[in-house]
Every structure is written in C-alpha cells, then in structure tokens.
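A.B. asks: Okay, here's the structure, questions in a sec.
The values are calculated or read from the model by the stated rules, or taken from the named source; none is laboratory data. Please read these numbers as outputs of a predicted model, since none were measured by experiment. When we count neighbours, we look across all protein chains shown, and the Cβ atoms used for this are built from the backbone with ideal geometry, even at glycine.
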C-alpha cells in the first residue's frame, strides 16, 4: 500500500458562507424551504443578498467544513475544491490552509466567481441555504490527483458534488483511485432534495462504491423512499461497511453489519445555528475511524463536534475539537 | 434650519474586518502592540493574513460600526466612506444598507482594493488591529455632500480619518457645513497612537470645532499628555460641549460644563471580543442625544450597546439594541 500521508482527503464544493438572521416570514416571501439547500444562479443570488440582512462571512462548503473539523481534531487532511481567483476565493484558501490542510486545486482564472452560500438562520436556529455554485461548476477530473488519493486513508465526498456538471466524473475518478489503493471511500448524502435529484446514482454508490455512509434521518428516508427511520435503517444495513445516521437532538445510530450502536447527542446550552452540524459529525466520526477507535467512540466524537458547531454562528469549530474531546473523555 | 432627515451622519474609513483568534506569542512574533491599531501596506497585510489563523469576515470601520449600532437602536442614519468596486466592497455596502442606512459614496473603480482590518483576538478578549486602508485613502472632499450634512442632527467623525491623506479635508468640509447649518459635530479619538500622530490637529478640533467628544481613557490621557484619568478629565472640561469618556469595565464619565456623571458598566456574562466596544458606546450615547435624553441615560445606552458587542466576535450588534434598551430600562 502507498505510504499514508493524509488521514482524510475531502472533495467538495469550495464555498464561502454568508450568514444572516431572518424570520420565517422572510423565508416564505422568498419561497425558501426551511432547512433545505436550494441552488440559485448569480442573478438570484444578487437579488436575495440585496434583500437579506447584514451578514458575516465564513468559509464553508460541506466536505470542506468536515475537513476543517478533522484538522481541529488533529487529523492530517487535504482538500480538493474549485474557487475563483478573487477575494472570496482567497478567503476560502486562506482559511483551509491556516488549519494546516493541504489545498492545491488551481483557482479558476476568469469567468465565474467563488461560490457563495446565503444562509438564513431563523430564531429556531434552523438554517436555510441558497447556493450559487459559481467556480465550483468548473471542477474537473483533472483536478483530482490519483496519487494523492492513494495516500489518504479515507477519501470523503459530499453528495452536493452531484449538482455541478463535471464534479461527478471527478468523484468517480477519486473513488476508483481509492479502491485501487485499498483505501476507504466515504460519502455524505448532503441534503434530502439533493438525494431526490440523484437517487439512482446515490443508490448505486451506496451499494457498490462507498465504505462509510453519512446521512441524516431525512436523507436516508429520502434515499429509500420510506416513511420511518427504522425502515431506512433496515434498508441501509449491509449495503455499505458502515453507515452513520444522524437524528439531530435524538443523537445518532451507527450500523456496520451486525453491529448497531445508538449514541445520545451531547448537551448544548443554547443551540444558535445548526449550519454544519452534519459536517462536524462526519469530522468527529472519521477522526475516530482513522485512529481505529470503536464505532461507539467514533459516534461520540461526531456528537461532540456537532455540539460545538451548533453553539455559535457558522459551520466550522471555534474551539479546538481535540481539546474538547480530551476534556469530555473519548480522546 | 434645514429639515432633519438623519439623526446621525457618519464619516469614516469603510473597512471589512477579518477576525481570528491568536495568542500573545503570535503578537510578539509579529511585533504587534496589543490593543492598538497599526497601519500596514498591502504586502504586509498579505503576509500577516497568510500567517494568521482562519477568520470570519464582518463589515467594520469605527464610525461605520457606530452608525450600525445607531441603526440597531432605530436612529435614522447615513454613512460616507470609500470602498472599492470589489467583493469586499459589495459586502460592506450590503451590510450597511441592509440596516436601512443611506450609503451613496461612489465606489473606487480601479486601483486599490477595499480596506481590510486584520483583527487578532487574544484569549483575554483584547483585540489587536492591523489595517490596510486601501480604497479609504481615496476619500476626497467631493465625497461629502454639504446638503446632506445639513440634514443630520449630528455629523460624527472618527479620528482615524486623519490617517488617509485627503479625508481630513473631507472632514473639514463636513464640519463647516454642519456648523453653518447649526448642527452638532461629534468626534471619536479612535486610538491613543492615532492621537499621538495627530495631537495638534485633534487639540484644535476639540477646542474649536467639536461639540461632542468620545475618547477612552488612554486616548484622552494621550491627547493631554497626562498620567491620570482625572487630570485628563479636568483638562477636557469646558473645551467642548460634551465629552463622553469610556474606561472599559470601570464604566464611563460624561462631562458637560458643570455637569458630571459617572456611569457604571453593564454586566456581561463572558467578554469574548472587545472589538468595537467604543464604537458601540458612541452609538448608544448619540442615539440618546438625538432623542434629547439626559446625559446619564445617554451614557447608560452607550454602556448597554458596548456590553452587547463585547459578548461575541465582531464589532457590530447581533441583537436589536432597541429591544435590549427597552428590556433593560432606559428606552
């Protein structure tokens, strides 16, 4: 096996988040589905931005958030994603490199700008996302270095990658390289509507290519088009080596063949903004997995990371997850 | 008198803040003076940014923060400041307009980029700022509309405006227009090092042109080159109509001729980031003044705004200051 250089290589949309508070009536006025992610074009993004409240900008992107969380735990990581050569692209690149993450994807020189995700946080701490993919639509298989994939214990991909036109091919290339190198492939289903858009592809992936699957309750129910969590759970068992299913404040369930663990969520004083909860969970889980922790511990690490991220605005940890996990026990 | 359109017109540097956590050793390594504001050029800004941790971006700028605070109280405001026609300039313009603030300054079309302030927040919640002024250096008297100044009860200026080369002339033009219209001029001294750089100008301003002066303890001591707060207090009395002097957790002292008020600070559960504390105090104070509140109430409103802003990362309020002041009493 190729020498291990990274615990996890993440591939995803490279996005800068713009977070603002909004109330339910604003979502209704703009026809936004609460808790979901809607793809919008540049004009729609400008129009929504012009009408939303003052924001704060933070680097985001689902897989990138997971990689940021892994780095905060102390994992060695790299990330592949397409930004433009503009101010927001520089912000994204700075933030991920400042965490010690390898990030070498060539920035797009002209044309589309760096992707933005307009995130409206309602008083119930729920987040509703409208994403302009911009430069992310220009991620190609050429951006994947098969040799780098071979050096990573896990290659982690976000389901959102199915939305831009060529990223899927990049994904397939990475998956193939990981398999050939005897490495694991992990996938997050990202969003129930995203699952709706790409169900057949995702089912094929889960059945044939993915070793570790992350999904929340809505996503796994959408994948199998069933009404109850337990039905989804029975469906997913046996289809991939490990499935880690998150259920918000009801914690998570981890299945791996005959093994099943039910893990309670961590206590959170005040839930401020749920953006990135699933991304953080995946970070904790993969950090544990890369260190050969038992699956219950992996799930607890996921819960600890998620609890940190939902206690403040923004999708990336503000405190060291390594320290937090040491204080709380599992590390 | 011209019809009143605005409670406060602010003139200042239009800046986007980049906030990151750092420890004392990082400040030492980079030769940064804790608690201060250092002007840096584009290269130094890139170098520092490349080496600092992951950040969050929020609109900032001292006077702009004050205007944002005033808008949060419900004051009608306008702002004059120079951004570039780039992504960060659009962020600044969006954030201030989203608060209902009039902002019509023409963006700089080419050349310098929008100003950035790299803010390092140490574990003691102190902030250390390194500012690249960029487009702010291109603010000219032509950017000031004397008619707009005449419609504002108060024209508020930040001392930092003395740093870019032509903004001083803009400041003088605005001050003259305000005086001719029978309006008040307010000034914040901004920073003890800024006072050092421009002491004679500031003394002339305070003695002859400013009706309401804001300064913290270090700044007012620097202005009069004295060692104790009380010496500074005795010096400033009588030199401008009102001086509001802030002292961190020791509250504030307001002097106006024979009238002197000592106002305790508000309780804060955890001080997270002191960036913008003085700006927020000025917002509360000016909001009270524009509504003809007594000076003690003006000072309390200042303290309430400052307490909100230091309880989270970033210099602008995250909750409605109007609601907060209603709950706590003074409104």
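A.B. asks: Exactly one of (1) assigned to a strand (DSSP E or B); (2) free of Cβ contacts under 8 Å to residues at least 40 places away in the same chain; (3) crowded, with 19+ Cβ neighbours inside 10 Å is unmet by residue A:254. Its number?
C.D. replies: (2)
A.B. asks: Name every residue in segment A:299-331 that is crowded, with 24+ Cβ neighbours inside 10 Å, modelled with pLDDT under 95 and out of contact with any helix residue (DSSP H, G or I) (no Cβ under 6 Å at 6 or more places or on another chain), in order of residue number.
C.D. replies: Passing the criteria: only A:313.
A.B. asks: Would you be able to tell me the number of residues in segment A:40-62 that are surrounded by 15 or more Cβ atoms within 10 Å (Cβ to Cβ), in contact with a helix residue (DSSP H, G or I) (Cβ under 9 Å, 6 or more places away or on another chain) and more than 12 Å from chain B (Cβ to nearest Cβ)?
C.D. replies: Final tally of qualifying residues: 3.
A.B. asks: Inside segment B:120-138, can you point out the residues that are over 17 Å from the mean Cα position of the chain (by Cα) and assigned to a loop (DSSP other than H, G, I, E, B)?
C.D. replies: Pass one, segment B:120-138, residues over 17 Å from the mean Cα position of the chain (by Cα): B:120-125, B:134-135, B:137-138.
B:122, B:123, B:124, B:125, listed by residue number.
A.B. asks: Tell me yes or no: at least one residue of segment A:76-98 is surrounded by fewer than 23 Cβ atoms within 10 Å (Cβ to Cβ), away from chain B (no Cβ under 14 Å), in a strand (DSSP E or B) and in contact (Cβ under 8 Å) with a residue 24 or more places away in the chain.
C.D. replies: no
A.B. asks: A further question follows. For segment A:130-140, state whether one or more residues are facing chain B (nearest Cβ under 10 Å), crowded, with 24+ Cβ neighbours inside 10 Å, in contact (Cβ under 8 Å) with a residue 12 or more places away in the chain and touching a strand residue (DSSP E or B) at 6+ places or on another chain (Cβ under 9 Å). Reasoning before the result, please.
C.D. replies: Within segment A:130-140, the subset facing chain B (nearest Cβ under 10 Å) is none.
No: segment A:130-140 contains no residue that is facing chain B (nearest Cβ under 10 Å), crowded, with 24+ Cβ neighbours inside 10 Å, in contact (Cβ under 8 Å) with a residue 12 or more places away in the chain and touching a strand residue (DSSP E or B) at 6+ places or on another chain (Cβ under 9 Å).
A.B. asks: While we're looking at this one, here's another question. Kindly provide the set of residues from segment A:99-119 that are outside any strand (DSSP E or B) and more than 12 Å from chain B (Cβ to nearest Cβ), ordered by number. Outline the logic, then answer.
C.D. replies: Filtering segment A:99-119 down to residues outside any strand (DSSP E or B) leaves A:99-101, A:104-107, A:109-114.
Selection gives A:104, A:105, A:106, A:107, A:109, A:110, A:111, A:112.
A.B. asks: Go through the residues of segment B:3-15 one by one and say whether even a single one is within 30 Å of residue B:185 (Cα to Cα), in contact with a strand residue (DSSP E or B) (Cβ under 6 Å, 6 or more places away or on another chain) and in a helix (DSSP H, G or I).
C.D. replies: Checked against the condition, which is being within 30 Å of residue B:185 (Cα to Cα), in contact with a strand residue (DSSP E or B) (Cβ under 6 Å, 6 or more places away or on another chain) and in a helix (DSSP H, G or I), segment B:3-15 yields no hits at all.
A.B. asks: Here is a follow-up. Mind listing just one residue for me: the one in segment B:63-75 that is in a helix (DSSP H, G or I) and away from chain A (no Cβ under 13 Å) and, of those, nearest to the chain's Cα centre (by Cα)? Explain how you work it out, then say what you get.
C.D. replies: In the first step, residues of segment B:63-75 are kept if they are in a helix (DSSP H, G or I); the result is B:63-73.
Among the residues that remain, those that are also away from chain A (no Cβ under 13 Å) are: B:63, B:66, B:70, B:73.
Details: B:63: 4, B:66: 5, B:70: 11, B:73: 16 Å.
Looking at the filtered set, the residue picked out is B:63.
A.B. asks: Output the residues belonging to segment A:262-298 that are surrounded by fewer than 18 Cβ atoms within 10 Å (Cβ to Cβ) and assigned to a strand (DSSP E or B).
C.D. replies: Of everything in segment A:262-298, just one residue is surrounded by fewer than 18 Cβ atoms within 10 Å (Cβ to Cβ) and assigned to a strand (DSSP E or B), namely A:262.
A.B. asks: Regarding segment B:15-22, can at least one residue be identified that is away from every other protein chain (no Cβ under 12 Å) and more than 14 Å from residue B:275 (Cα to Cα)? Break it down stepwise before answering.
C.D. replies: Here is the first cut: in segment B:15-22, the residues away from every other protein chain (no Cβ under 12 Å) are B:15.
From the residues that got through so far, the ones that are more than 14 Å from residue B:275 (Cα to Cα) too are none.
No, that holds for no residue.
A.B. asks: Does segment B:190-202 include one or more residues that are outside any helix (DSSP H, G or I) and crowded, with 24+ Cβ neighbours inside 10 Å? So that I can check it myself, show each step before the final result.
C.D. replies: Quick first cut of segment B:190-202, residues outside any helix (DSSP H, G or I) only: B:190-191, B:198.
Remaining after also requiring crowded, with 24+ Cβ neighbours inside 10 Å: B:190-191.
So far as segment B:190-202 goes, yes, one or more of its residues are outside any helix (DSSP H, G or I) and crowded, with 24+ Cβ neighbours inside 10 Å.
A.B. asks: Here is a follow-up. Considering only segment A:299-331, state which residues are touching a strand residue (DSSP E or B) at 6+ places or on another chain (Cβ under 7 Å) and at negative phi.
C.D. replies: Residues satisfying the conditions are A:299, A:300, A:302, A:303, A:313, A:315, A:316.
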